[in-house]
């Protein structure tokens, strides 16, 4: 996101103001939820996800692409390297690294495929982890409870979704 703080959308400004103070409460709420808690929480999360993304356009932010290394699978590497006309070894050497957990991730922050207009230059071939981020929609919200607390620090949408859910 470029421009002055005053130029940023209200949802971004609210996230900036609230994220640190709200984090303990949101972590506490998440810890009370149970993985596989059932369709009710996933249904409510999908509704919150839809409400929040009616206001938020990821292209106005792209903080995930600017801050978080995307996990890449072998099939991601094969697909992206083929698209770029590179061998998988060359792609792996040039664009990936092993993180502290031993996972293969895109190397660099911001992502080397993020364009200045916040669009992805490999969007149709982007890694599965990018396709699924921020893991708040669909029927898998409860499968990613541990991720949501961390993601709320990087993604304004996750923060607002968690605030919506925790206030219900």
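Coordinate-derived values only; no laboratory data. Predicted model, so just to flag it, every value in this text is computed and none were measured. Reconstructed Cβ throughout: ideal geometry from the backbone, glycine too, with neighbour counts over all protein chains shown.
Summary table
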item: Sum of -39500 (n - 2.57) over DSSP H runs of 4+, divided by residues of the chain (222 nm, nearest 500); result: -16000 deg cm²/dmol
item: Å³ per residue enclosed by the Cα convex hull of segment 71-132; result: 86
item: Value of relative contact order over the chain, rounded to a whole percent, pairs C-alpha under 8 Å and six or more apart; result: 38
item: Label assignment, P(r) over Cα pairs in 10 Å bins from 0, in percent derived from the structure, set (1) 10, 37, 38, 13, 3, 1, 0; (2) 11, 43, 37, 8, 0; (3) 10, 35, 33, 19, 3, 0; result: (3)
item: Spacing of the two label points (7 Å from each Cα toward its C-beta) at residue 119 and residue 66, in nm; result: 1.9
item: Protection proxy ranking, peptides 56-69, 13-26, 145-158, average beta carbon neighbours within 10 Å, highest first; result: 145-158, 56-69, 13-26
item: Contour minus Cα-Cα distance for residue 78 and residue 39 (0.36 nm per residue); result: 10.6 nm
